[in-house]
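Visitor: Just passing along the structure, written as structure tokens.
Throughout, read-outs are computed from the coordinates displayed, never taken from laboratory work. Please read all numbers here as calculations on a predicted model, not as lab measurements. So basically every Cβ, Gly included, is an ideal-geometry build from the backbone, and we count neighbours across all protein chains shown.
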Amino acid sequence: MAEHKGIVTFKGQPVTLVGEEVKLGDTAPDFTAYKGLNDALKLSDTKGSVVVLSVAPSVDTRVCAAQLRAFNKEATALGPDVKVWFVTLDLPFALGRFSAAEGIQNVTVLSDYKDREFGEKYGLYMKELGLLARSTFVLNREGKVVFREIVKEMTHEPDYDGALKAVRESL
């Protein structure tokens, strides 16, 4: 499995990303993630939709929670042809609890906890931390990556405006 050091930092310290890099123009790799312990969704289930993959280390941190809230707020205005998925390595229980407490209804909240398939296929698994790197991908209706941001410093928020612009241009 490929390893890339220094692409991202956590509190200023470089960390190693494990997995294959997904680039602009690539067909997004299919993956399975979980809404519940045995409630799986596959990216291929979204065929024909524009998809936002909002990725974060853990919903139990201030920046990750803000990221989920921001995309939840924007998701309604994007319409039914846009699917917004929030992916972390948090357990489905924690994601469900947070979503219920925060009224997250417009984003599908998913866990990559079982086998890190998403993290490794997208090159986002942070080896030293056992978490996913904060990032955003926008996929057009054909499943091509039209926006890609891997946030350099994990304590910073993603470029919401850039992602939303890519979504609107893909509709």
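Visitor: Among the residues of the range 150-171, what is the count of those that are of a type outside the set (Lys, Arg) and not in a loop (DSSP other than H, G, I, E, B)?
Guide: 11
Visitor: Is there any pair linking a residue in the range 33-50 that is over 15 Å from VAL87 (Cβ atoms) to one that is of a type in the set (Lys, Arg) and surrounded by 12 or more Cβ atoms within 10 Å (Cβ to Cβ), with Cβ under 7 Å and at least six apart or on different chains, and which?
Guide: GLY48/ARG141; SER49/LYS83; SER49/ARG141; VAL50/ARG141
Visitor: Select from the range 30-65 the residues that are among the aliphatic types (A, V, I, L, M) and either part of a loop (DSSP other than H, G, I, E, B) or over 19 Å from LEU171 (Cβ atoms) (or both) and list them in ascending order.
Guide: Across the range 30-65, the qualifying residues are ALA33, LEU37, ALA40, LEU41, VAL55, ALA56, VAL59, VAL63, ALA65.
Visitor: Can you pull out every residue in the range 17-43 that is of a type outside the set (Lys, Arg) and over 26 Å from GLU3 (Cα atoms)?
Guide: GLY36, LEU37, ASN38, ASP39, ALA40, LEU41
Visitor: Return only the number of the condition from (1) hydrophobic (A, V, I, L, M, F, W, C); (2) touching a residue at least 40 places away in the same chain (Cβ under 8 Å); (3) in a strand (DSSP E or B) that PHE86 does not satisfy.
Guide: (2) is the only condition that PHE86 fails.
Visitor: How many of the residues in the range 101-130 are closer than 18 Å to ALA66 by Cβ and assigned to a helix (DSSP H, G or I)?
Guide: So the count comes out to 2.
Visitor: Every residue in the range 80-97 that is more than 14 Å from PHE137 (Cβ to Cβ), more than 10 Å from the chain's Cα centre (by Cα) and not aromatic (Phe, Trp, Tyr), please.
Guide: Within the range 80-97, PRO80, ASP81, LEU89, ASP90, LEU91, PRO92, ALA94, LEU95, GLY96, ARG97 meet the criteria.
Visitor: Additional query: Out of curiosity, is PHE147 surrounded by fewer than 23 Cβ atoms within 10 Å (Cβ to Cβ), aromatic (Phe, Trp, Tyr), over 11 Å from the mean Cα position of the chain (by Cα) and assigned to a helix (DSSP H, G or I)?
Guide: Taking the combined requirement at face value, the residue does not satisfy it.
Visitor: Would you check if LEU53 is out of contact with any helix residue (DSSP H, G or I) (no Cβ under 6 Å at 6 or more places or on another chain), farther than 19 Å from SER135 by Cβ and not basic (Lys, Arg)?
Guide: Here the answer is no, as LEU53 does not meet what is asked.
Visitor: Kindly provide the set of residues from the range 64-119 that are surrounded by fewer than 18 Cβ atoms within 10 Å (Cβ to Cβ), touching a helix residue (DSSP H, G or I) at 6+ places or on another chain (Cβ under 8 Å) and of a type in the set (A, V, I, L, M), ordered by number.
Guide: Within the range 64-119, ALA65, ALA70 qualify.
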